[in-house]
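To keep things clear, I will list the structure first and then write my remarks on it.
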Amino acid sequence: AQSVTQPDIHITVSEGASLELRCNYSYGATPYLFWYVQSPGQGLQLLLKYFSGDTLVQGIKGFEAEFKRSQSSFNLRKPSVHWSDAAEYFCAVGPSPNTGNQFYFGTGTSLTVIP
Amino acid sequence: EAQVTQNPRYLITVTGKKLTVTCSQNMNHEYMSWYRQDPGLGLRQIYYSMNVEVTDKGDVPEGYKVSRKEKRNFPLILESPSPNQTSLYFCASSLVGGKERNIQYFGAGTRLSVL
């Protein structure tokens, strides 16, 4: 079955430490890829997107993500985490010729930041 | 201000009592969508619309109806709500073409409890 997988349900990091959130997809070829962040009680905000071209994309709030076709991955990274980064993070796919007109989301990774 | 507006934000109802959750966007987006968010399941697409009078099922359409009579509005209708529809619902919209295509803007969410 086609899917978006975020293997880490919950991650805890210290403030100032680096962060990597994993995302794998199984839609073949090159789908449109997104990372969203959801702060408690809020809607979702786009962090960054990948459609084509340079496989390392920069987003807001100091986040970046790297598309690796060979690993079907689109991992999110930040070199130094701030306490305000504590939130839920979602990887998403689509729409594209592989996914039709739908969007598919992973199950999310909850990030806790400790002082 | 560009936004997606959902109403109500919170709703408690009883089994079988028809309800409508409204969604409106002011960005002239062609694509609109409804999602439900449940713990451990991420966001799942209920219905989406590519444009006025064009709607299609997502992954979890059972028990829901939608309509798209105007470009800016995309209401979600639960004709006979059941407790398994207790969830957090999000409306989103996006363009379908151009540089900003597929970048979804989300409403603040509607928390629904069906007793």
Restricting to aspartates and glutamates and to Cα separations under 14 Å from A:Lys78, and discarding same-chain partners fewer than 8 apart, the set is A:Glu15, A:Glu20, A:Glu64, A:Glu66
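I need the calculated FRET efficiency for the pair A:Glu64 and A:Glu15, taking r as the beta carbon distance and R₀ as 25 Å, to the nearest 0.05.
Efficiency computed from Cβ-Cβ geometry: 0.85.
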Hey, if we sort A:His10, A:His82, B:His29 by accessible area with the 1.4 Å probe, largest down, what's the order?
A:His10, A:His82, B:His29
Taking every eigenvalue of the Cα gyration tensor of the protein assembly as shown, multiplying by 5 and rooting it, what semi-axes result, largest first, whole Å?
29, 21, 16
Which three lengths, in whole Å and largest first, does the stretch B:18-71 cover when its Cα atoms are put on their principal axes?
33, 24, 18
The value for the stretch A:1-96 (convex hull of the alpha-carbon atoms, volume per residue, Å³) is 105 Å³
Note the per residue figure in Å³ for the convex hull of the C-alpha positions in the stretch B:1-91.
94 Å³
Largest to smallest principal axis extent of the C-alpha atoms in the stretch A:24-74, angstrom:
35, 21, 15
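Quick one: putting +1 on the C-beta of Lys and Arg, -1 on the C-beta of Asp and Glu, what dipole do you get for the stretch A:23-113 around its Cα centre, in Debye to the nearest 20?
100 debye
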Nearest-20 debye value, chain B charge dipole, Cβ charges on Lys, Arg, Asp, Glu
180 debye
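The values are calculated or read from the model by the stated rules, or taken from the named source; none is laboratory data. The model shown is predicted, which means the values in this text are computed figures rather than measured ones. Reconstructed Cβ throughout: ideal geometry from the backbone, glycine too, with neighbour counts over all protein chains shown. Side chains included, ligands, DNA and RNA excluded: accessible areas come from the protein's heavy atoms. Shrake-Rupley method; radii C 1.70, N 1.55, O 1.52, S 1.80 Å.
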